Protein chains: 2
Amino acid sequence: MPETIPEDSVGLVEGAVERFDEPLELESGERLERFELAYETYGTLNADHSNAVLVCHALSGDQHAAGYQSMEDRKPGWWDNMIGPGKPLDTRRFFVVCVNVLGSCKGSTGPASTNPGTGEPYALDFPIVTVKDWVASQRRLMERMGIAKWVAVVGGSLGGMQALQWTIDYPDCLDACLAIAAAPKLSAQNIAFNEVARQAIMTDPEFHGGRYYERDTPRRGLALARMIGHITYLSEDAMRDKFGRDLRKGQPLSYGFDVDFEVESYLRYQGRRFVDRFDANSYLYLTKVLDYFDPAGAHDGDLSQAFARSDNRFLVIAFSSDWRFSAERSREITHALYANNLDVTFAEIEAPQGHDAFLLKIGPYHDMVRAYMDHLAREWGL
Amino acid sequence: MPETIPEDSVGLVEGAVERFDEPLELESGERLERFELAYETYGTLNADHSNAVLVCHALSGDQHAAGYQSMEDRKPGWWDNMIGPGKPLDTRRFFVVCVNVLGSCKGSTGPASTNPGTGEPYALDFPIVTVKDWVASQRRLMERMGIAKWVAVVGGSLGGMQALQWTIDYPDCLDACLAIAAAPKLSAQNIAFNEVARQAIMTDPEFHGGRYYERDTPRRGLALARMIGHITYLSEDAMRDKFGRDLRKGQPLSYGFDVDFEVESYLRYQGRRFVDRFDANSYLYLTKVLDYFDPAGAHDGDLSQAFARSDNRFLVIAFSSDWRFSAERSREITHALYANNLDVTFAEIEAPQGHDAFLLKIGPYHDMVRAYMDHLAREWGL
């Protein structure tokens, strides 16, 4: 709980939900007859609706990107260091929108939602969605809000993939794309980690083919999935600096199967905590969204063709120690953009923290986003 | 099944088991009242017992390092490309011994063995063993065989750790140590992967606190553990080259939770297959052996002091794409040896295959081991 709300915070925030009754045709060929999107906004939409920025969240994120939902919150939203008055996404100038993705479990329609056809939760009857579908659903919300063009669409990791997809599908609906710690598609190794996570969930006896909502939840499998994820979010160096081989509470080796090392204790805690706040089916859907993202796939693997319609400008940022989506993957994106003669700024930020760096307040990184956004604000007369 | 046994094979091999009735005092402070060691040998021990080489196996290996146990075997032992007539560990000159480690499940005493105190399988009552304990047990077998000194102790990965431990505890009992793709201790990331694997096994409802032998086996957990391991054995490039993002059998995306990509199918297969040949409790014990290996620990982290009593010579080999035990870890070993003015040859072999490279027939790697062993043979008059 914050004793008082910090001055550079967006403060107490209230979420909203919009319902859409026109069916959404999905990339899979299926359709979602109707759906809801949960979102939060920070700052004020100006009179001509020209100061809107869309922030896209990553795998285990949600629409609560900044501020506090109540005075009892221990922590603010996941990107509170980036969004607020005087922060890089400055809410004194910009109206920032963050939408929970379809398939997630924080208020937007997903596998835990009621299937109108059966009156039961969808579970695995929820259709497979993709980054393209997400962007199409966000486009609906944009229309509903009366916003014609985003000043920028901004995201890290899976959020960066959404930002890129906006420039592919709706290039006229945004000016700038900020794709941070993203990749043009998953590597075989990335897919392998996702597959082990899914197997952990789906082989948990409490999974019951996804129909666990009335009973327990596959907590063991979901905790394992989260533990696997966490290993890939940190660099080896970050893990060493954070835990080394430190024994828990300085105790001697247990010579048993209890926790010996701090890193074990950390992972078990992260696993347990995640189970309380995330739905296992949603984790399955969201890892599939990652696996399926491959905009070059429709162009015989030529990524530059995927951006052929784009006339956007791009800020592409990677982190030196990120081994989940390495800087090399960001360079692939950058080269494809250059091939289209687009306005691209690329930076590889020296940072030891691994993939998680995109969530952290790292000086050169935040300075770069701030300068880029300030420049956009000036051009847009904000 | 081999149609015919290849000429450079050690041929059909028969294992042996030795029983030791004198208690083994373990590093944990516990003792093993009696134990058995299962092993295989290749080549012929010469009259003065001066041509013996010990090969140490890694996490999921066993004593069956070369040749065929029957004409029905589909594959030879795990290091058949290294051991045989005319191969780098040339059985025309050397008598090669490979011992199943304590705690494993291939004939040496381990958690699946009968606890003489209860008449039941030990399960988790089996004491925690360490690399030091393994080497002490191998020393007993060496005495039993009437071997005073190994020409060399050779191992890859966890096997390389055993080879190093020999030079620390019994430097007079061997001439050369060949430590391949090893590390002086596990990193926090290595421990993290082991911990997730253990959690997968121990949270499997079929685990029953390790007392599953009369019932089923925690196959889901063990399969997950193996899948996690496999990701760390291959380099990202090796995975890309092996699987890319190829869809299984060239089929379109399933838009469901069946297998889409080849790498998923590969991992599921590896997981299933491992369950048929390995004991889950043994996997717990062997990963703990890895976590606990830290010869510098007794010397305030100064690895060079660990080798203070050694007067052995060393061949240290690392592989460029190994991210489980990177070349940097082998350099740490090498520097500690140099600090003791020891005779050290170090090579980082360019190989894209990752950690698994130590098992593969890679020209420069095998040439180096061959030349080193030939040199030893000449010095020993073999």
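The values are calculated or read from the model by the stated rules, or taken from the named source; none is laboratory data. Since this is a predicted model, take the numbers as computed values, not measurements. Quick reminder, even Gly has a Cβ in these numbers, built from the backbone with ideal geometry, and neighbours come from all protein chains shown.
Restricting A:Thr287, A:Thr334 to those that are more than 16 Å from A:Ile168 (Cβ to Cβ), β-branched (Val, Ile, Thr), under 21 Å from the mean Cα position of the chain (by Cα) and in a helix (DSSP H, G or I) reduces the list to A:Thr287. Would the range B:170-190 turn up any residue that is modelled with pLDDT under 95 and away from chain A (no Cβ under 11 Å)? The answer is no; no qualifying residue exists.
In the range B:253-270, how many residues are among the aliphatic types (A, V, I, L, M) and more than 9 Å from chain A (Cβ to nearest Cβ)? Total meeting the criteria: 0. Of the residues making up the range B:267-314, those that are of a type in the set (Ser, Thr, Tyr) and over 25 Å from B:Ala188 (Cβ atoms) are B:Tyr269, B:Ser310. Just to be sure, is A:Ser326 within 22 Å of the chain's Cα centre (by Cα), surrounded by fewer than 21 Cβ atoms within 10 Å (Cβ to Cβ) and more than 14 Å from A:Ser157 (Cα to Cα)? No: the conditions fail for A:Ser326. Is it the case, given these coordinates, that A:Leu247 is without any contact (Cβ under 8 Å) to a residue 60 or more places away in the chain, over 18 Å from the mean Cα position of the chain (by Cα) and within 30 Å of B:Ala298 (Cα to Cα)? In short, yes. Quick one: would you say B:Arg198 is of a type in the set (Lys, Arg), surrounded by fewer than 24 Cβ atoms within 10 Å (Cβ to Cβ) and either free of Cβ contacts under 8 Å to residues at least 40 places away in the same chain or farther than 30 Å from B:Arg226 by Cα (or both)? Taking the combined requirement at face value, the residue does not satisfy it.
The lone criterion from (1) of a type in the set (D, E, K, R); (2) crowded, with 18+ Cβ neighbours inside 10 Å; (3) not in a helix (DSSP H, G or I) left unmet by B:Asp258 is number (2). Considering B:Val129, B:Val99, the condition of being farther than 15 Å from B:Thr287 by Cα, in contact with a Leu (Cβ under 8 Å, 6 or more places away or on another chain) and of a type in the set (Val, Ile, Thr) is satisfied by B:Val99 alone. Residues in the range A:26-47 that are surrounded by fewer than 16 Cβ atoms within 10 Å (Cβ to Cβ) and within 14 Å of chain B (Cβ to nearest Cβ): A:Gly29, A:Glu30, A:Arg31. Does A:Cys105 count as more than 18 Å from A:Gly29 (Cα to Cα) and surrounded by fewer than 24 Cβ atoms within 10 Å (Cβ to Cβ)? Yes; evaluated as a whole, the condition is true for this residue.
Do we have A:Asp241 as surrounded by fewer than 22 Cβ atoms within 10 Å (Cβ to Cβ) and in contact with a Leu (Cβ under 8 Å, 6 or more places away or on another chain) here? It would help to see each step written out before you state the result.
Numbers: surrounded by fewer than 22 Cβ atoms within 10 Å (Cβ to Cβ): yes; in contact with a Leu (Cβ under 8 Å, 6 or more places away or on another chain): no.
Taking the combined requirement at face value, the residue does not satisfy it.
Residues of the range B:200-252 that are part of a helix (DSSP H, G or I), at the interface with chain A (Cβ under 8 Å from one of its Cβ atoms) and farther than 28 Å from B:Ser321 by Cβ: B:Met202, B:Arg220.
Note on the range A:352-382: among residues that are under 20 Å from the mean Cα position of the chain (by Cα) and not in a helix (DSSP H, G or I), the one that is farthest from A:Ala179 (Cα to Cα) is A:Gln353. Taking the numbered list (1) more than 12 Å from chain A (Cβ to nearest Cβ); (2) closer than 28 Å to B:Gln353 by Cβ; (3) surrounded by fewer than 21 Cβ atoms within 10 Å (Cβ to Cβ); (4) touching a Ser or Thr at 6+ places or on another chain (Cβ under 8 Å) in turn, B:Val316 passes all entries but (3). Name every residue in the range B:131-171 that is surrounded by fewer than 24 Cβ atoms within 10 Å (Cβ to Cβ) and part of a loop (DSSP other than H, G, I, E, B), in order of residue number. B:Met145, B:Gly146, B:Ile147, B:Ala148, B:Lys149, B:Tyr170, listed by residue number.
Are any of the residues in the range B:336-343 surrounded by 22 or more Cβ atoms within 10 Å (Cβ to Cβ), touching a Ser or Thr at 6+ places or on another chain (Cβ under 9 Å), farther than 20 Å from B:Trp79 by Cβ and without any contact (Cβ under 8 Å) to a residue 40 or more places away in the chain? Checking the range B:336-343: at least one residue is surrounded by 22 or more Cβ atoms within 10 Å (Cβ to Cβ), touching a Ser or Thr at 6+ places or on another chain (Cβ under 9 Å), farther than 20 Å from B:Trp79 by Cβ and without any contact (Cβ under 8 Å) to a residue 40 or more places away in the chain.
A:Ser310 meets the conditions (1) part of a loop (DSSP other than H, G, I, E, B); (2) more than 13 Å from every other protein chain (Cβ to nearest Cβ); (3) closer than 25 Å to A:Ala197 by Cα; (4) touching a helix residue (DSSP H, G or I) at 6+ places or on another chain (Cβ under 9 Å) in every case but one. The failed one is (3).
Give me the strands (runs of 3 or more DSSP E) completely within the range A:1-75, filtered to those with at least 2 residues that are under 24 Å from A:Phe126 (Cα atoms), touching a strand residue (DSSP E or B) at 6+ places or on another chain (Cβ under 7 Å) and in contact (Cβ under 8 Å) with a residue 12 or more places away in the chain, ordered by residue number. Before you say what the answer is, go through the steps one by one.
On the way: elements: A:16-20, A:35-42, A:52-56.
Correct list: A:16-20, A:35-42.
Checked against (1) over 18 Å from the mean Cα position of the chain (by Cα); (2) closer than 21 Å to A:Val53 by Cα, A:Thr114 meets all criteria but (2).
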